[in-house]
Amino acid sequence: MKTKILACLLLTLGLTGCGEEKQVAPATPPAQTALPPEAPAIGTSIQALVKPSDAELAKRKAEDAQFTELEWENLELPGQGLADILKKYQPQIDAIPEGDPSEDAVLEKMQAELNMAPVNPALNGKQVKIPGFISPLEVDDKQGVVKEFLLVPYFGACIHVPPPPLNQTLLVQPLPGKSVGMERMYEPVWVFGTLTAERVKTDLAEAGYQLKDARVEMWQEPAAPAPVAQPAKP
């Protein structure tokens, strides 16, 4: 069976490798280069971790009623999302024999379409919260915090594997004191703020959205329900 498109996208295309546009390093590179043992596996999707309980969802809604919780699919336009584009090109990929040079041309065409995936203008100016992973752009070594980063839907994007499509990448600029420590930047986070649907280039990748003056919080896994006490046997 032919290799899945997504694997081809991440492993065989150097077309949109992180930072290819500018070929410059972040202004202040992260102090850590090796992943800690507790870090997720490269490519782990945020959906694989963010599974809040009904009670947790109710609590969040009460605390942050002014923020609309987004799914990553909400950032896409109907019919023009990542899954739609991959599905569109799958028959062409399947029809090409393994190793045929024409496969590269199809993959490049598909990648170009992913790079131009349109943002959802209806989200512009909305107060939102969204979970994701951090790809750091700038860190403050003195304070030990991440000052600016890209929020992405899977772990390792823009650092260990190429970036997601334009409309699946957010540039986040946290408020002072509202970011996370460098030692925890491998963990999933919630980002709160006003979303701007505006394309911007960074040293790692292009982003289709921006969240300025954002609040960043560590994502907490819902606590397991307490076990029900069993009546003592007579």
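Kindly indicate whether residue 152 is touching a Cys at 6+ places or on another chain (Cβ under 7 Å), crowded, with 20+ Cβ neighbours inside 10 Å and not aromatic (Phe, Trp, Tyr). Taking the combined requirement at face value, the residue satisfies it.
Of the residues making up the range 167-185, those that are open to solvent by 40 Å² or more (accessible area, probe 1.4 Å) and in contact (Cβ under 8 Å) with a residue 24 or more places away in the chain are 173, 175, 178, 183, 184.
Here residue 164 fulfils each of the conditions (1) open to solvent by 10 Å² or more (accessible area, probe 1.4 Å); (2) touching an Asp or Glu at 6+ places or on another chain (Cβ under 9 Å) apart from (2).
The residues listed here are 46, 85, 42; of these, the one that is open to solvent by less than 70 Å² (accessible area, probe 1.4 Å), at pLDDT 70 or above, on the phi < 0 side of the Ramachandran plot and in contact with a strand residue (DSSP E or B) (Cβ under 9 Å, 6 or more places away or on another chain) is 46.
For the range 194-212, indicate whether the set of residues that are β-branched (Val, Ile, Thr), touching a Lys or Arg at 6+ places or on another chain (Cβ under 8 Å) and over 27 Å from residue 83 (Cβ atoms) is non-empty. The answer is yes; a qualifying residue exists.
Against the list (1) farther than 28 Å from residue 88 by Cβ; (2) among the hydrophobic types (A, V, I, L, M, F, W, C); (3) touching a Pro at 6+ places or on another chain (Cβ under 8 Å), the condition residue 134 fails is (3). Regarding residue 148, is this residue at pLDDT 95 or above and charged (D, E, K, R)? Answer is yes for this residue. Only a single item in (1) open to solvent by 10 Å² or more (accessible area, probe 1.4 Å); (2) farther than 23 Å from residue 76 by Cβ is not met by residue 146, and it is number (1).
For the range 107-143, a tally of residues being under 20 Å from residue 83 (Cα atoms), crowded, with 20+ Cβ neighbours inside 10 Å and small (Gly, Ala, Ser) returns 2.
Would you pick out the residues in the range 78-103 that are among the hydrophobic types (A, V, I, L, M, F, W, C) and more than 21 Å from residue 169 (Cα to Cα)? The answer is 93, 95, 96.
The values are calculated or read from the model by the stated rules, or taken from the named source; none is laboratory data. Just so we're clear, the structure is a prediction, and the values are computed from it rather than from any experiment. Ideal geometry is used to build each Cβ from the backbone, glycine not excepted, and the neighbour counts take in all protein chains shown. For accessibility, only protein heavy atoms count, side chains too; no ligands or nucleic acids. Shrake-Rupley method; radii C 1.70, N 1.55, O 1.52, S 1.80 Å.
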